[in-house]
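Written below as structure tokens is the structure these notes are about.
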Amino acid sequence: MSEVRHDRSGPGPAGGYHGVAESARALMAGPLLPELGGAPHDVLADVTRAFAAGSVDLTHPAALARMQPPSLAVAAAAELVVATLNQSLHAWESGPFALEIERFVTAELATLIGYGSGAGGTLTSGGSVSNLMAMTMARDSVLARRLSRRPGQEGVAGLHRRPVVLAQEAIHFSIGRALRILGIGEDQLIPVAVDADGRTSAADARRVLFGLPGTDLPLALVALAGSTDLGVIDPLRELAEVAREHDLWLHADAAYGAGALFSERLRPLLDGLSEADSVTMDLHKFGWLPSSSAMLLVKSRGDLQDSFGLATTTCLTSADDTEQGYHGLQGESLQTTRRADAFKILVALRCLGRERLSAMVDACHDLAIHAAERIREEPRLELVAHPPLGAVLFRYLTDDPGKADEVNGAARRELMATGRLLLARTHLVDGAGVQRVYLKLLFLNPETAPEQVDDVIAMFLTTARRIEAEG
Ligand SMILES: *Cc1c(COP(=O)(O)O)cnc(C)c1O
């Protein structure tokens with residue numbers, strides 16, 4: 001990697017889209033499957049060198065665009081073990097010990113959430129799939145309970161009530177996509193208002209529920225436990241009460257915010273998480289694990305089996321084997337062949353320990369607070385909110401307010417093309433109800449120093465000023 005570092009001035013490859021596409025074309029000039037294969041060492045070395053040179057250096061303090069942490073070295077080593085042993089979780093004989101590791105890891109993390117002994121969980125490819133699985137269980141369990149319907153078998157066509165899901169607007173787009181896939185439809189997502197801090201209002205959720213026509217059947221309330229943009233954490237305990245009153249499934253999306261569970265300081269923000277019927281959790285965000293290291297945890301293990309278990313005897317299920325304990329985990333997952341991702345989680349968490357993991361999460365939160373304070377002091381920058389976790393939203397203010405979107409967008413693109421600074425971009429509705437471009441700093445590198453954050457902000461300001469001046 002040192003070769004890569006030397007010809008870089010930042011976390012990204014220089015030369016922008018065209019530069020990277022060109023070097024990729026040069027490397028891949030030959031066919032994917034040549035007539036005669038090459039020497040493994042040479043092929044691996046050549047391709048790795050090019051891949052690394054064109055990749056984002058996640059250890060760089062200016063790599064702030066996405067929820068990708070630098071991987072722990074021990075977790076990367078554990079990945080190699082996972083790939084070498086190549087176990088799978090679908091049948092007992094495909095990964096006997098891997099099954100036990102996954103059961104152990106999900107049970108321990110369920111306990112960390114505060115779930116009881118009936119809890120279950122499964123590793124997934126990411127928060128998006130965890131959210132899809134949660135919405136599937138919400139649909140299946142509520143329709144079974146309320147309408148004696150078995151949607152897995154009968155589908156949702158011809159229902160005499162319209163299934164709806166309640167959530168505020170800042171939920172992750174994968175929830176809407178899940179409703180599309182499930183035949184519920186994204187139009188059935190009913191918005192709930194937020195309070196001054198962007199948290200879902202329990203009072204408004206009640207108001208919406210009481211106002212629904214009798215032909216609507218509310219299935220679920222989706223709570224934010226760390227929103228993708230600001231890191232907003234909903235009042236989980238209050239929302240759990242609303243869900244209980246109305247017999248709804250409560251899903252908490254903690255894909256990003258689960259990191260707070262590991263921090264002594266931030267953990268109280270997640271009070272009430274154990275009241276949710278399901279929780280999405282990514283350890284490839286806060287957790288410092290390579291992707292995929294994600295899971296869905298459920299309060300009641302039976303719900304997973306009801307939605308994802310195979311109803312009939314297949315090549316993977318036979319009653320007598322299952323009775324004797326010889327069964328895999330395919331009945332609790334969307335996948336069949338599935339990696340032993342729990343192994344690297346086990347290794348990484350054992351190595352870190354609570355104290356160090358807590359300090360790492362806090363260090364990222366501290367960097368976000370530092371950045372927010374720095375932005376607040378700068379008259380040309382507008383801070384969106386005090387950061388609850390490790391994400392900071394802001395934008396550059398132009399003399400002509402009409403130019404702000406363009407200048408912010410162009411400054412981000414220029415810094416990305418030169419590889420010097422990687423920022424995320426998002427949209428927020430401003431006080432006047434207009435969608436505006438905002439930029440985002442995502443802190444997931446606990447080794448970054450506050451002075452490096454100052455440098456990043458100064459670099460952004462210089463670029464934005466110059467772009468504004470050039471008109
Ligand atoms: C990142 C994120 C997701 C999606 O997770 P993937 O692992 O990228 O699929 C879902 N919800 C929230 C709140 C997230 O931040």
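A quick yes/no check of all residues on (1) charged (D, E, K, R); (2) not in a loop (DSSP other than H, G, I, E, B):
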site: PRO11; (1), (2): no, no
site: TYR17; (1), (2): no, yes
site: ARG49; (1), (2): yes, yes
site: ASP57; (1), (2): yes, no
site: GLN87; (1), (2): no, no
site: HIS90; (1), (2): no, no
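How many residues are touching a helix residue (DSSP H, G or I) at 6+ places or on another chain (Cβ under 7 Å) and closer than 30 Å to GLY390 by Cα when one looks only at region 25-56?
Of the residues in region 25-56, 3 are touching a helix residue (DSSP H, G or I) at 6+ places or on another chain (Cβ under 7 Å) and closer than 30 Å to GLY390 by Cα.
Do we find that ARG339 is of a type outside the set (Phe, Trp, Tyr), assigned to a loop (DSSP other than H, G, I, E, B) and touching a residue at least 12 places away in the same chain (Cβ under 8 Å) in this structure?
Working: of a type outside the set (Phe, Trp, Tyr): yes; assigned to a loop (DSSP other than H, G, I, E, B): yes; touching a residue at least 12 places away in the same chain (Cβ under 8 Å): yes.
Spelling it out, ARG339 is indeed of a type outside the set (Phe, Trp, Tyr), assigned to a loop (DSSP other than H, G, I, E, B) and touching a residue at least 12 places away in the same chain (Cβ under 8 Å).
Quick one: would you say ALA29 is touching a strand residue (DSSP E or B) at 6+ places or on another chain (Cβ under 6 Å) and not in a helix (DSSP H, G or I)? Even if it seems obvious, please write down each step before you answer.
Numbers: touching a strand residue (DSSP E or B) at 6+ places or on another chain (Cβ under 6 Å): no; not in a helix (DSSP H, G or I): yes.
Judged against the criteria, ALA29 is not a match.
Could you identify the single residue in ASP229, ASP271, ASP247 that is within 11 Å of the ligand (Cβ to nearest atom) and either open to solvent by 10 Å² or more (accessible area, probe 1.4 Å) or of a type outside the set (A, V, I, L, M) (or both)?
Numbers: ASP271 fails: within 11 Å of the ligand (Cβ to nearest atom); ASP247 fails: within 11 Å of the ligand (Cβ to nearest atom).
Of the residues listed, the single one that is within 11 Å of the ligand (Cβ to nearest atom) and either open to solvent by 10 Å² or more (accessible area, probe 1.4 Å) or of a type outside the set (A, V, I, L, M) (or both) is ASP229.
Scan region 225-240 and report the pairs whose first residue is touching a residue at least 24 places away in the same chain (Cβ under 8 Å) and in a loop (DSSP other than H, G, I, E, B) and whose second residue is away from the ligand (no atom under 15 Å from the Cβ) and among the aromatic types (Phe, Trp, Tyr), with Cβ atoms within less than 9 Å and a gap of 6+ or a chain change.
Partner pairs satisfying both residue conditions: ASP229/TYR438.
So that you can scan it fast, the table gives a plain yes or no per residue for (1) over 24 Å from LEU269 (Cα atoms); (2) open to solvent by 50 Å² or more (accessible area, probe 1.4 Å):
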residue: THR322; (1), (2): yes, yes
residue: GLU332; (1), (2): yes, no
residue: ASP341; (1), (2): yes, no
residue: LEU352; (1), (2): no, no
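Restricting to region 241-289, what's the tally of residues that are farther than 17 Å from TYR115 by Cβ, in a strand (DSSP E or B) and over 20 Å from the mean Cα position of the chain (by Cα)?
Total meeting the criteria: 0.
Being within 18 Å of ALA225 (Cα to Cα) and surrounded by fewer than 22 Cβ atoms within 10 Å (Cβ to Cβ) narrows it down to one of GLY114, GLY127, so name that one.
GLY114
Give the residue, chosen from PRO96, PRO70, that is open to solvent by 30 Å² or more (accessible area, probe 1.4 Å), away from the ligand (no atom under 16 Å from the Cβ) and either modelled with pLDDT of 95 or more or touching a Leu at 6+ places or on another chain (Cβ under 8 Å) (or both).
Every option except PRO96 fails the conditions.
In region 159-189, what residues are over 18 Å from the mean Cα position of the chain (by Cα), open to solvent by less than 30 Å² (accessible area, probe 1.4 Å) and β-branched (Val, Ile, Thr)?
VAL164, VAL165, ILE184
Looking at LEU273, LEU261, LEU316, LEU266, which one is assigned by TED's automatic domain parsing to the domain that holds ARG199, in contact (Cβ under 8 Å) with a residue 12 or more places away in the chain and more than 30 Å from GLU241 (Cβ to Cβ)?
Only one candidate qualifies: LEU316.
The values are calculated or read from the model by the stated rules, or taken from the named source; none is laboratory data. Values in this document were obtained by computation on a predicted structure and should not be read as measured data. FYI the Cβ positions are ideal-geometry reconstructions off the backbone, even for glycines, and counts take in every protein chain you see. We work out accessible area using only protein heavy atoms, side chains counted, and drop any ligands, DNA or RNA first. Shrake-Rupley method; radii C 1.70, N 1.55, O 1.52, S 1.80 Å.
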